[in-house]
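A.B. asks: Let me give you the structure first, and then I'll get to my questions.
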Amino acid sequence: MPTTTPTDTPTHVPRKGLRDFYEDPSVPVASGTPRSLAQARMLAKALGPATRNTRTVLDIGCGDGTAAATAAPLLTGHRIIGVDWSQDALRRARTRVPYAIRGELADGGLPFRSESADAVLFSEVIEHLVDPDSALDEIHRVLRPGGHLMLSTPNLAAWYNRALLLAGVQPVFSEVSLRGIHGRPGTEVVGHLRLYTARALREFVAASGFEVVRLRGAPFHGVPRPLRALDRLACAAPSAASILLLHARRM
């Protein structure tokens, strides 16, 4: 793509869209194991053992397949299908899960029939979306009535973000640029576009045709080691936890 260098700026970074950003192999596509394990346990409890029927679980936005691979031992007998639109992520996911296919929530929707899935894992995805409303509409379409949605996302009101805002510092998880970190702790740009508090997430999911069953907290793997014990304690109060884990059912 041809570019020009403006005369009033010393450097120029080529313009890249969101798709280019997520196809970059250096962009993180996995989250911490504690969150994935807690979410998998919630789903295993909801589905029960696969003694009579094999259930279909879609891991939408599966990234490198870490969450699905973590969940698999707890979901023995059920079918887990990883779904992502990033070809780079799918190449990595196929080394961890038996089924990983290309699909997306926009531009025609997921390649599944309506009411064909028993559960959806939606791990650390919603904060990256331009249109989360349409995404939940599509998830609602592919889930059978009573099907389970297991959604996780960073908490805007995490205990340390409250302190950072009071100090005039950009909250952790929030980003103002896809090119670099500005005004907040951290070193990685991960492409977060939307952030939720516990209350906002509950209301948003309920307004999209789901019944919220449970909301709990999980620790964040990026918290500095000296603060990790405090971060685990904060999980007892989901509204202040680092990560929000939400279980909802399709109405």
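The values are calculated or read from the model by the stated rules, or taken from the named source; none is laboratory data. Everything numeric in this text was worked out from a predicted model, so none of it was measured. Cβ: placed from backbone, ideal geometry, glycine included. Neighbour counts: every protein chain shown. Ligands, DNA and RNA are excluded from the accessible area calculation, which covers all protein heavy atoms including side chains. Shrake-Rupley method; radii C 1.70, N 1.55, O 1.52, S 1.80 Å.
A.B. asks: Restricting attention to the stretch 221-250, report how many residues are in a helix (DSSP H, G or I), open to solvent by 30 Å² or more (accessible area, probe 1.4 Å) and over 17 Å from L151 (Cα atoms).
C.D. replies: 8
A.B. asks: I would also like to ask the following. So which residues in the stretch 197-220 are closer than 19 Å to Y160 by Cβ and open to solvent by 20 Å² or more (accessible area, probe 1.4 Å), if there are any at all?
C.D. replies: Residues satisfying the conditions are T197, R199, A200, R216, P219, F220.
A.B. asks: Being assigned to a loop (DSSP other than H, G, I, E, B), hydrophobic (A, V, I, L, M, F, W, C) and surrounded by 24 or more Cβ atoms within 10 Å (Cβ to Cβ) is the filter here; which residues of the stretch 61-79 pass it?
C.D. replies: Once the filter is applied, which keeps residues that are assigned to a loop (DSSP other than H, G, I, E, B), hydrophobic (A, V, I, L, M, F, W, C) and surrounded by 24 or more Cβ atoms within 10 Å (Cβ to Cβ), the stretch 61-79 yields only C62.
A.B. asks: Does A40 satisfy the condition of being within 12 Å of the chain's Cα centre (by Cα), modelled with pLDDT under 95 and not basic (K, R)?
C.D. replies: Criteria not met by A40.
A.B. asks: If you don't mind, another one. E124 versus (1) open to solvent by 40 Å² or more (accessible area, probe 1.4 Å); (2) in contact with a Ser or Thr (Cβ under 8 Å, 6 or more places away or on another chain): which is the lone unmet condition?
C.D. replies: All conditions pass for E124, except number (1).
A.B. asks: Given the options G109, G82, name the one that is part of a loop (DSSP other than H, G, I, E, B), open to solvent by less than 30 Å² (accessible area, probe 1.4 Å) and more than 30 Å from A236 (Cα to Cα).
C.D. replies: Selected residue: G109, the only one of G109, G82 that is part of a loop (DSSP other than H, G, I, E, B), open to solvent by less than 30 Å² (accessible area, probe 1.4 Å) and more than 30 Å from A236 (Cα to Cα).
A.B. asks: Report, ordered by the first and then the second residue, all pairs with beta carbons closer than 6 Å, sequence separation of six or more or different chains, a first member in the stretch 133-156 that is in a helix (DSSP H, G or I), and a second member that is among the charged types (D, E, K, R).
C.D. replies: Qualifying pairs under 6 Å: H140/R250.
A.B. asks: Anything in the stretch 160-177 that is small (G, A, S) and either open to solvent by less than 20 Å² (accessible area, probe 1.4 Å) or assigned to a loop (DSSP other than H, G, I, E, B) (or both)? List them, or say none.
C.D. replies: Matches in the stretch 160-177: A167, G168, S174, S177.
A.B. asks: So, one more: Are any of the residues in the stretch 179-189 under 19 Å from the mean Cα position of the chain (by Cα) and modelled with pLDDT of 95 or more?
C.D. replies: Within the stretch 179-189 (the criterion being under 19 Å from the mean Cα position of the chain (by Cα) and modelled with pLDDT of 95 or more), the answer is no, since none of the residues qualifies.
A.B. asks: On to the next question. Output yes when any residue across the stretch 116-130 is in a loop (DSSP other than H, G, I, E, B) and touching an Asp or Glu at 6+ places or on another chain (Cβ under 7 Å), and no when none is.
C.D. replies: no
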